[in-house]
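The values are calculated or read from the model by the stated rules, or taken from the named source; none is laboratory data. This is a predicted model, so every value here is computed, not measured. Please note: Cβ atoms are built from the backbone with ideal geometry, for glycine as well, and neighbour counts cover all protein chains shown.
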Amino acid sequence: MDWLIEFSGWIITLVLLLIAFFTGNRNEKKHYESILRREEELRHIMVVLVRKPPKNFCNQHLVRGSVVISSNYFTRLLAGFRNFFGGNISAYETLLDRARREAVLRMKEEAAKMGSSMIINMKFETTTLGNIHDPRQQAANGTVEVLAYGTAGKLRKKEQSAA
Amino acid sequence: MKLEAPKFDESQNPNISHDTSHLGELRAMLGYLLLTILLVWLLVEAIVWSLPYTVSLQRERAWFSFVGKHLLADESIKHDPNMQELADQLAVHMNLPANSVDVYISDDDTPNAFATFGGNVVLYRGLLNRLPNEESVAAVLAHEMGHIKHRDPMRGMTRNLLYSVFAAAFGSEAQLHNLVHLESLRYSRELEYRADAEAVHAVVGQYRSAAGVTDLFRTLQTVEQEYKVAAYPTWLSTHPATAQRIEHAQTIATQIHATQTPAALPNRWQKK
């Protein structure tokens, strides 16, 4: 039994890695399904960047969508290797892609509630969550917050503006 | 005209890599890791192998001359002329150059002895008092001198330093540290066997009998029982199991046709 105790660290690590790999993959797949479905539902809201808002842009509101999303143990291990050997941390690419799109969707959902049809000048803010006072732990959790915000509003109908 | 956001084609998403699989990446990373471990290991072996040629024992003694002063600064550690004389006699049988070992005796009651940088050997009263005869004292001394002859303190330090650098590069990968630790234990046991072999050669050379080594191991076994040393598996300890060491020592004694004439000289360092 001695060897079992001695290797318990390895065994626990391996089990956690397996759990993280499968649940992580499953969650990611489900999240992407949800993102694609909601993107299709909210396609009627345009997100555009303009220097000058259109003259008939009215009912303006600030809309925000924020999401906090974490990587899993398995991706953190991969990213840890990449920290040493270098290269594209593809394990984090999907994490950020999902976070940004989720944030945009939440922002659009808020805009949809207000009956807006357009969001102009959307911006992103991204931050890692961790202990900011300890540089080694700043991104140790592999947890990221993405905030998308912009000005929602709708285009006044031409006949209304004419009237 | 109806305004709406363009339809997004997921397979064309430029922000994520589509052709990578996490498991494949993990395999590649583990491959890199293995390669790195292999390289570091080869580097360590190369340095350790070339150490006796690049740094002579005399130079090591010059570098680490402060170790002896540091030892003597401790009130309980003293130089012992009789023991030094025995060491010098054993050195002849071990092909060690003259004046390459300094022997100290510590009044501490721990049954222990160690060799450290700069050819310094410390024997503890706790062990000396338990040894039945001069031959077994000579066996301990020769074992520690064997470590010095093979430059084991320097080897150990070199390996540890390089492994620390390696471990630091990988941060807090605790499992990696465990592996490195296990490897260093294996290495340590290997060095113990070699020191034991030196001890057999020296004791047989000095007294024409290998009985001193056997007596030493018997004493070690009683000490183990007394201290109730947990029966750790061999691969988890720095020293091989005493039973295996006895077997190993006897094999060597047979190879060099040494007799097992019982030891006869009294232990001059025993203090009642």
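May I ask you to verify whether B:ARG218 is crowded, with 16+ Cβ neighbours inside 10 Å, among the basic types (Lys, Arg) and in contact with a helix residue (DSSP H, G or I) (Cβ under 9 Å, 6 or more places away or on another chain)? Before the answer, list the steps.
On the way: crowded, with 16+ Cβ neighbours inside 10 Å: no; among the basic types (Lys, Arg): yes; in contact with a helix residue (DSSP H, G or I) (Cβ under 9 Å, 6 or more places away or on another chain): yes.
No, not satisfied.
If you go through segment A:37-65 one residue at a time, how many are touching a Phe, Trp or Tyr at 6+ places or on another chain (Cβ under 8 Å) and part of a helix (DSSP H, G or I)?
Final tally of qualifying residues: 1.
How about segment B:83-128: which of its residues are among the aliphatic types (A, V, I, L, M) and either farther than 23 Å from B:SER65 by Cβ or surrounded by fewer than 16 Cβ atoms within 10 Å (Cβ to Cβ) (or both)? So that I can check it myself, show each step before the final result.
Step one: of segment B:83-128, the residues among the aliphatic types (A, V, I, L, M) are B:83, B:86-87, B:90-92, B:94, B:96, B:98, B:101, B:103, B:105, B:113, B:115, B:121-123, B:127-128.
Hits for segment B:83-128 are B:VAL92, B:ALA98, B:LEU127, B:LEU128.
Is it the case that some residue within segment B:38-59 is within 14 Å of another protein chain (Cβ to nearest Cβ) and at pLDDT 85 or above? Give the derivation first.
Taking segment B:38-59 as the starting set, the residues that turn out to be within 14 Å of another protein chain (Cβ to nearest Cβ) are B:39-40.
Retained after the next criterion (residues that are at pLDDT 85 or above): B:39.
Yes - at least one qualifying residue is present in segment B:38-59.
Within segment B:1-21, which residues are under 16 Å from A:GLU28 (Cα atoms) and at the interface with chain A (Cβ under 8 Å from one of its Cβ atoms)?
Filtering segment B:1-21 down to residues under 16 Å from A:GLU28 (Cα atoms) leaves B:10-11, B:13, B:15-18, B:20-21.
Listed by number, the residues that qualify are B:GLU10, B:ASN13, B:ASN15, B:ILE16, B:SER17, B:THR20.
One residue is enough: does segment A:5-21 have a residue meeting the conditions touching a residue at least 60 places away in the same chain (Cβ under 8 Å) and either at the interface with chain B (Cβ under 8 Å from one of its Cβ atoms) or surrounded by fewer than 14 Cβ atoms within 10 Å (Cβ to Cβ) (or both)?
Initial filter on segment A:5-21 (touching a residue at least 60 places away in the same chain (Cβ under 8 Å)): A:17.
Those still in the list that are either at the interface with chain B (Cβ under 8 Å from one of its Cβ atoms) or surrounded by fewer than 14 Cβ atoms within 10 Å (Cβ to Cβ) (or both) too: none.
Scanning segment A:5-21 turns up no residue that is touching a residue at least 60 places away in the same chain (Cβ under 8 Å) and either at the interface with chain B (Cβ under 8 Å from one of its Cβ atoms) or surrounded by fewer than 14 Cβ atoms within 10 Å (Cβ to Cβ) (or both).
Could you identify the single residue in A:VAL63, A:VAL68 that is exposed (fewer than 15 other Cβ atoms within 10 Å of the Cβ) and within 22 Å of A:LEU105 (Cα to Cα)? Even if it seems obvious, please write down each step before you answer.
Working: A:VAL63 fails: exposed (fewer than 15 other Cβ atoms within 10 Å of the Cβ).
Among A:VAL63, A:VAL68, only A:VAL68 is exposed (fewer than 15 other Cβ atoms within 10 Å of the Cβ) and within 22 Å of A:LEU105 (Cα to Cα).
Consider A:ALA112 carefully, then state whether it is crowded, with 19+ Cβ neighbours inside 10 Å, outside any strand (DSSP E or B) and touching a Leu at 6+ places or on another chain (Cβ under 8 Å).
On the way: crowded, with 19+ Cβ neighbours inside 10 Å: no; outside any strand (DSSP E or B): yes; touching a Leu at 6+ places or on another chain (Cβ under 8 Å): yes.
No: the conditions fail for A:ALA112.
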